[in-house]
1. How far apart, in nm, are two points set 7 Å out from the Cα along the Cα-to-Cβ line at Asp86 and at Leu29?
2. Just subtract the alpha-carbon distance of Thr113 and Thr101 from 0.36 nm times their residue separation and send over the number in nm, one decimal.
3. Output the relative contact order of the stretch 59-121, whole-number percent, from Cα pairs under 8 angstrom with separation of 6+ residues.
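Readers should treat all values here as calculations from the given coordinates under stated rules, not as data from a laboratory. Treat the numbers as computed from the prediction; the structure is a model and nothing was measured. When we count neighbours, we look across all protein chains shown, and the Cβ atoms used for this are built from the backbone with ideal geometry, even at glycine.
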Amino acid sequence: MRRLLLACALLALAACSPDGEPPPADATLLPLTITRGDGTSVRVEVEVPCTPEAMARGLSGRRELPEDRGMLFVTGDRGSGFWMKDTLIPLAIAFIDRSGTIVDVQEMAPETTEIHRPDGPAYYALEANGGWFQRHGVREGDAVRFPWPPDGAPLTPWDPASTLCETAVPAAVR
């Protein structure tokens with residue numbers, strides 16, 4: 001009986017682990033691969049916000065983020081600036097152009113209002129834990145491989161009807 005209780009307690013603890021934390025209801029979690037200049041690759045699970053509200057909220061209010069998790073913003077050709085107001089943890093951001101090339105990487109301090117913008121045109125922005133890109137040897141010029149959409153076309157910013165969000169987020173949330 002004690003073993004059964006111990007097993008249940010360990011299972012409950014594992015379920016509470018930040019690594020098992022699901023994305024918010026208005027986002028979806030997908031794999032992303034970054035190929036470094038030396039040809040090796042690193043994988044990160046990204047939350048993709050599927051509503052304008054989720055995109056505006058981003059990672060603000062989070063007290064932690066699992067090590068190999070981030071959030072991918074589809075900003076489109078209009079680009080976007082990012083700030084850390086109400087964001088409690090340090091983050092790093094990689095700005096990515098339409099072709100999937102990282103054009104800029106920056107570190108962002110928590111709870112600041114400095115606006116972070118890329119040095120060049122960017123279509124996507126990937127936020128991860130502070131120092132993540134440096135720890136994984138990811139830098140400008142590295143290639144991000146998107147497993148979606150299948151035709152290789154860029155995702156459309158804030159498009160609730162996109163296949164990406166349509167299949168992963170309930171219509172009531174979009």
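1. 2.3
2. Stretched out fully, the Thr113 to Thr101 stretch lengthens by 1.6 nm.
3. 34
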